[in-house]
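Take a look at the structure set out below.
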Amino acid sequence: MTSQIKTCFKRYEKKYFLTPEQYKMFKERISPYVKPDEYGRYTICNIYYDTDDYSLIRASIEKPEYKEKLRVRSYGVPDDDGKVFVELKKKYDGVVYKRRVTTSAGLYSSFLKGFAPAESKTQITKEIDYFQSFYRSTPKAFIAYDREAYAGAEDENLRITFDTNIRYRLDELDLRSGDHGEPILDDGKILMEIKIPDVCPLFLSKILTELKIYPTSFSKYGTCYRKYILKNNLEKFTKEARLSA
């Protein structure tokens, strides 16, 4: 995405659901304090990895003090040589730690199976190798969304993003297969995320309070798992039970 790709993140992340009216008012209020990031609007595509029994997302749903996940991300639909990010994301005591490496869309699957090396061996690739040797996770869900992103005008470590058209699919689990999918949400709300390195800026806290915008607990992959993966697995189990009866 940039000439100097950031590989490590440590920050607090808060999520909010906005109505279209709240979105419009919020954007008007924050406009003096933020600027569009250099990419403006774009589509983010993700492949989420999990164990065969979905132990990672099941643990995450329980809201433990520590949790972790592995995903592969691209900005837009890549071709074979397109750049993708393999991301190990951890959350401990409310703080999010994200570490990532780059590879190509044609190689990330082999890399995560241990068959192909990353672009270079680093501490992060060692952590990903360890994660995979322990969990042996495989692709479980594709999730994409259209993002509008802003950074703080004075502090670029402040990030505010708006995600719409959040969609999923449980087949064609390859980033090169397109960004199509079925809607995860059907209420027309906009998912806003605020990412800050430490305390929330005063202007932002004031605007959120005045517009009565409150944080929510929401996971894109978690929602996909609860609403669709569990349902599909239950239907499959029921069908197999009937056939064996």
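The values are calculated or read from the model by the stated rules, or taken from the named source; none is laboratory data. None of these values were measured; they are calculated from a predicted model. Counting neighbours? That spans all protein chains shown, and the Cβs are built from the backbone with ideal geometry, glycine included.
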Could you say which residue among 64, 78 is more than 14 Å from the chain's Cα centre (by Cα) and either surrounded by fewer than 16 Cβ atoms within 10 Å (Cβ to Cβ) or under 23 Å from residue 133 (Cα atoms) (or both)? 64
Scan region 44-57 and report the pairs whose first residue is within 14 Å of residue 142 (Cα to Cα) and whose second residue is in a loop (DSSP other than H, G, I, E, B) and at pLDDT 95 or above, with Cβ atoms within less than 6 Å and a gap of 6+ or a chain change. 45/179; 47/173; 49/137; 50/137
How many of the residues in region 86-139 are among the β-branched types (Val, Ile, Thr) and assigned to a loop (DSSP other than H, G, I, E, B)? 1
Need the failing condition index for residue 198 against (1) under 18 Å from the mean Cα position of the chain (by Cα); (2) farther than 19 Å from residue 222 by Cβ; (3) surrounded by fewer than 19 Cβ atoms within 10 Å (Cβ to Cβ); (4) not hydrophobic (A, V, I, L, M, F, W, C), just the number. (1)
Condition first: within 28 Å of residue 31 (Cα to Cα), in contact with a strand residue (DSSP E or B) (Cβ under 7 Å, 6 or more places away or on another chain) and without any contact (Cβ under 8 Å) to a residue 24 or more places away in the chain. Now tell me which residues in region 158-190 satisfy that. 165
Condition test on residue 206, is it modelled with pLDDT under 95, surrounded by fewer than 16 Cβ atoms within 10 Å (Cβ to Cβ) and outside any strand (DSSP E or B)? no
So, in region 123-160, of the ones that are among the β-branched types (Val, Ile, Thr) and surrounded by fewer than 19 Cβ atoms within 10 Å (Cβ to Cβ), which residue ends up modelled with the lowest pLDDT? 124
Considering residues that are surrounded by fewer than 18 Cβ atoms within 10 Å (Cβ to Cβ) and out of contact with any helix residue (DSSP H, G or I) (no Cβ under 8 Å at 6 or more places or on another chain), the number found within region 162-181 is 9
Across region 149-195, which residue is nearest to the chain's Cα centre (by Cα) among those that are of a type in the set (Ser, Thr, Tyr) and under 20 Å from residue 12 (Cα atoms)? 161
Determine, yes or no, whether residue 71 is buried (at least 18 other Cβ atoms within 10 Å of the Cβ) and either part of a loop (DSSP other than H, G, I, E, B) or of a type in the set (D, E, K, R) (or both). yes
If you check residue 134 against the conditions, is it touching a strand residue (DSSP E or B) at 6+ places or on another chain (Cβ under 8 Å) and among the hydrophobic types (A, V, I, L, M, F, W, C)? no
